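Below is one structure, written out as structure tokens, with a few remarks after it.
The values are calculated or read from the model by the stated rules, or taken from the named source; none is laboratory data. Given the structure is predicted, the values throughout are model-derived calculations rather than measurements. When we count neighbours, we look across all protein chains shown, and the Cβ atoms used for this are built from the backbone with ideal geometry, even at glycine.
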Amino acid sequence: MGGAAIGGAAEPVRFSTVVIDAGHGGKDGGSVWNGLVEKKLCLDVAKRVETALKASGLKTVMTRRTDTFVDLSQRARIANRVPASVFVSIHFNGSRKTIISGGEVYYRSSRGKLLASAINRSIKGRVAGGTRGIFYAGFKVLRETQMPAVLVECGYLSNKREALRCADPAHRQKLAEAIVSGLLAVRRKK
């Protein structure tokens with residue numbers, strides 16, 4: 001998934017609101033490994049991100065606040081109604097290759113790549129387990145959102161060691177703080 005080249009210089013990323021998308025929900029549990037259910041962890045991290053962003057003075061919009069199913073196109077429509085915003089979709093990963101671990105950040109646009117790079121650097125520097133890097137991807141929530149957008153995979157639940165970390169609320173708090181720190185770092189570069 002290394003991806004297509006993004007041409008031209010990137011525009012600065014200016015925003016006053018972050019649309020936070022807690023992946024999966026309701027009938028869609030996401031990855032289920034080592035006793036953990038992705039949708040629950042996504043919502044937990046999303047709420048932690050919201051709290052930290054609000055404490056930093058930014059506005060937030062959540063695509064879901066409870067264990068409900070929200071269609072991918074509906075998530076994009078919610079985001080597209082919010083002016084001066086960026087979109088952050090929060091997920092956890094899984095693989096039959098249970099040795100794989102680390103976070104990943106996906107983007108589709110040049111401005112999304114700026115966000116992805118900043119969040120990746122922040123996770124790498126602040127969170128145990130580190131990251132596997134940033135990747136270009138055509139995920140529906142990245143294709144259909146009109147603002148700079150990223151999808152953050154917070155770690156592999158299929159890796160036993162990483163699953164133990166992800167089960168710990170203190171680790172999920174560090175993930176949330178790293179995501180927020182990355183967003184704020186890009187926002188400061190005006």
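Given the conditions (1) within 25 Å of Gly57 (Cα to Cα); (2) surrounded by 24 or more Cβ atoms within 10 Å (Cβ to Cβ); (3) touching a Ser or Thr at 6+ places or on another chain (Cβ under 6 Å), which single one is not true for Ser85?
For Ser85, the exception is condition (2).
Starting from segment 79-90, take each residue that is closer than 12 Å to Arg187 by Cβ and list its partners that are in a loop (DSSP other than H, G, I, E, B) and modelled with pLDDT under 95, counting only C-beta distances under 9 angstrom and pairs at least six apart or across chains.
Ala84/Arg14; Val86/Val13
Conditions tested, residue by residue: (1) within 13 Å of Ile90 (Cβ to Cβ); (2) modelled with pLDDT of 95 or more; (3) in contact with a helix residue (DSSP H, G or I) (Cβ under 7 Å, 6 or more places away or on another chain).
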site: Leu114; (1), (2), (3): no, yes, yes
site: Gly130; (1), (2), (3): no, no, yes
site: Val141; (1), (2), (3): yes, yes, yes
site: Gln146; (1), (2), (3): no, yes, yes
site: Val150; (1), (2), (3): yes, yes, yes
site: Cys154; (1), (2), (3): yes, yes, yes
site: Lys160; (1), (2), (3): no, yes, no
site: Ala163; (1), (2), (3): no, yes, no
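Is it true that some residue in segment 121-141 is farther than 17 Å from Gly30 by Cα, among the charged types (D, E, K, R) and assigned to a strand (DSSP E or B)?
Yes: one or more hits.
Among the residues that make up segment 14-23, is at least one of them on the phi < 0 side of the Ramachandran plot and modelled with pLDDT under 95?
Yes, that holds for at least one residue.
Are any residues in segment 142-154 outside any loop (DSSP other than H, G, I, E, B) and in contact with a Phe, Trp or Tyr (Cβ under 6 Å, 6 or more places away or on another chain), and if so, which ones?
Ala149, Val150, Leu151, Cys154
In segment 168-175, is there at least one residue being surrounded by fewer than 23 Cβ atoms within 10 Å (Cβ to Cβ), touching a residue at least 40 places away in the same chain (Cβ under 8 Å) and among the aliphatic types (A, V, I, L, M)?
Taking every residue of segment 168-175 in turn, none turns out to be surrounded by fewer than 23 Cβ atoms within 10 Å (Cβ to Cβ), touching a residue at least 40 places away in the same chain (Cβ under 8 Å) and among the aliphatic types (A, V, I, L, M).
Go through segment 119-141 and give me each residue that's in contact with a strand residue (DSSP E or B) (Cβ under 9 Å, 6 or more places away or on another chain), among the aliphatic types (A, V, I, L, M) and farther than 30 Å from Arg77 by Cα.
Selection gives Val127 alone.
Return the only residue of Asn159, Asn120, Asn80 being surrounded by fewer than 23 Cβ atoms within 10 Å (Cβ to Cβ) and in contact with a Ser or Thr (Cβ under 7 Å, 6 or more places away or on another chain).
Asn80
Please work out which residue is farthest from Thr98 (Cα to Cα), limiting yourself to segment 22-71 and to residues that are in contact with a Cys (Cβ under 7 Å, 6 or more places away or on another chain) and assigned to a helix (DSSP H, G or I).
Filtering segment 22-71 for residues that are in contact with a Cys (Cβ under 7 Å, 6 or more places away or on another chain) and assigned to a helix (DSSP H, G or I), the one farthest from Thr98 (Cα to Cα) comes out as Val45.
For segment 78-118, name all the residues that are outside any strand (DSSP E or B), in contact with a strand residue (DSSP E or B) (Cβ under 6 Å, 6 or more places away or on another chain), closer than 15 Å to Glu144 by Cα and of a type outside the set (Gly, Ala, Ser).
The answer is Val82, and nothing else.
Yes/no matrix, rows are residues, columns are (1) among the aromatic types (Phe, Trp, Tyr); (2) surrounded by fewer than 21 Cβ atoms within 10 Å (Cβ to Cβ); (3) under 17 Å from Val180 (Cβ atoms):
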position: Cys42; (1), (2), (3): no, no, yes
position: Leu53; (1), (2), (3): no, no, yes
position: Met62; (1), (2), (3): no, yes, yes
position: Arg65; (1), (2), (3): no, yes, no
position: Ile100; (1), (2), (3): no, yes, no
position: Gly103; (1), (2), (3): no, no, yes
